[in-house]
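Report on the following structure.
The values are calculated or read from the model by the stated rules, or taken from the named source; none is laboratory data. This is a predicted model, so every value here is computed, not measured. As a convention, Cβ positions derive from the backbone with ideal geometry for all residues, glycine included, and neighbour counts pool all protein chains shown. What goes into the accessible areas is simple: the full protein's heavy atoms, side chains included, and nothing from ligands, DNA or RNA. Shrake-Rupley method; radii C 1.70, N 1.55, O 1.52, S 1.80 Å.
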Amino acid sequence: MTVLIGLTPNERGAGALALGAMAARSLHDDLVVASITAKPWPEVFGADREYLDLQRAQAEAALQQAGASIGNDLDVRYVVESGRSVASGLVEVARDCAASVVVLGSSSQGVDGLISLGGVASRLLNSLDVPVLIAPTNYHAAPDARVRRVSVGFGRGDRDSGLLTSAAVQAAKAGVQLRVACFAVRPMNAATGSIEADTEDLVVQEWIDGLRGDIEPALVEAVADPADVPIVVGVGGSWEQAITALEWAPNELLAVGASTSGVSRLLLGSHASKIVRNAPLPVLVLPRSD
């Protein structure tokens, strides 16, 4: 199997390289690093040819730099592909190399340490049927880094989505622990004190108990022993507070499930989208089950 990194010659590319190398090392997969250039029209004039040649030279330079940063402990292939767009070019490379995971960086306009979906990532999420792994802005990892844990952002809508099964497969392949993370975001009126604290705690606890009733059968269906899978709950007045209330290990991945909409296997629903925007660690978007 192959981990595919979509490379851009800037800081976003550096984060994707670090994350993609860590994923390939952990999953024992080959690694392909691809840089996409504009696809020429049937008739290319002189000025257009010069521009395309410059693009290719920049792409090849970016790949050369990538080789120096990745090191020699991985089986890596470097590809320059042309496409009508960066997204369509990456889709073609993903199909050609039978990618098991596609790795992307965040938008350069994003907040440091958080994920920001740029146009390429958004289009890929609507075009691919393989997991997409996204690095936060300015993401860094050690040259020999490996994934240490996979946590699953689980909500009530994920019970029959196959999310836990998909995440369990990824965790088992990497040889790391699977953990289930739930996020209880308190209503704004509760956060400002208009609901008694004891009443709020009771509501949250009932929600947690109901969610555990969904998680344990789903773990059994995923052929995972519920006793071996910790379930943690982050509580806060916002998604950011609920997510950061939990402890996150270095080199951990947070897996979320795509929407069950038939429009796209990787269409982000409301729950997953909020996790992605507020997660201070790489997020793995897993396709919905058929």
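Restricting to segment 241-266, name every residue that is under 14 Å from Leu133 (Cα atoms) and at pLDDT below 90.
Gly257, Ala258, Leu266
If the condition is being part of a helix (DSSP H, G or I) and surrounded by fewer than 16 Cβ atoms within 10 Å (Cβ to Cβ), then segment 236-249 contributes only Thr244. Selection of segment 22-39 for residues being touching a strand residue (DSSP E or B) at 6+ places or on another chain (Cβ under 7 Å) and not hydroxyl-bearing (Ser, Thr, Tyr) yields Ala23, Ala24, Leu27, Asp29, Asp30, Leu31, Val32, Val33, Ala34, Ile36, Ala38, Lys39. Determine, yes or no, whether Ser100 is open to solvent by 30 Å² or more (accessible area, probe 1.4 Å) and closer than 24 Å to Val285 by Cα. Taking the combined requirement at face value, the residue does not satisfy it. Taking the criterion of being hydrophobic (A, V, I, L, M, F, W, C), without any contact (Cβ under 8 Å) to a residue 12 or more places away in the chain and farther than 15 Å from Ala16 by Cβ, would at least one residue in segment 109-120 satisfy it? No. Taken over segment 1-29, residues that are surrounded by fewer than 18 Cβ atoms within 10 Å (Cβ to Cβ) and modelled with pLDDT of 90 or more amount to 1. Annotation note: Cβ proximity below 7 Å between a residue of segment 211-233 that is within 17 Å of Arg156 (Cα to Cα) and a residue that is part of a loop (DSSP other than H, G, I, E, B) (sequence gap 6+ or interchain) occurs for Asp214/Arg159; Ile215/Phe154; Ala218/Arg159; Leu219/Val229; Val232/Leu246.
Return the residues of segment 159-171 that are open to solvent by 20 Å² or more (accessible area, probe 1.4 Å) and under 17 Å from Gly210 (Cβ atoms); say none if nothing qualifies. Scanning segment 159-171 gives Arg159, Asp160. Take Ser35 and tell me if it is under 27 Å from Arg146 (Cα atoms) and surrounded by 12 or more Cβ atoms within 10 Å (Cβ to Cβ). Considered against the rule, which asks whether it is under 27 Å from Arg146 (Cα atoms) and surrounded by 12 or more Cβ atoms within 10 Å (Cβ to Cβ), Ser35 comes out as yes.
Please tell me if Thr165 is in contact (Cβ under 8 Å) with a residue 24 or more places away in the chain and over 29 Å from Thr8 (Cβ atoms).
Criteria met by Thr165.
Looking at Val220, Val233, Val229, just one residue is hydrophobic (A, V, I, L, M, F, W, C), open to solvent by 90 Å² or more (accessible area, probe 1.4 Å) and at pLDDT 85 or above, and that residue is Val220.
Kindly indicate the residue of segment 64-86 that is part of a loop (DSSP other than H, G, I, E, B) and polar (S, T, N, Q) and also surrounded by the fewest Cβ atoms within 10 Å (Cβ to Cβ) among those meeting that condition.
Just the residues of segment 64-86 that are part of a loop (DSSP other than H, G, I, E, B), to begin with: 71-75, 84-85.
Those left that are additionally polar (S, T, N, Q): 72, 85.
Numbers: Asn72: 7, Ser85: 14.
Among them, the one singled out is Asn72.
Among the residues of segment 149-164, just one is under 15 Å from the mean Cα position of the chain (by Cα) and basic (Lys, Arg), namely Arg149.
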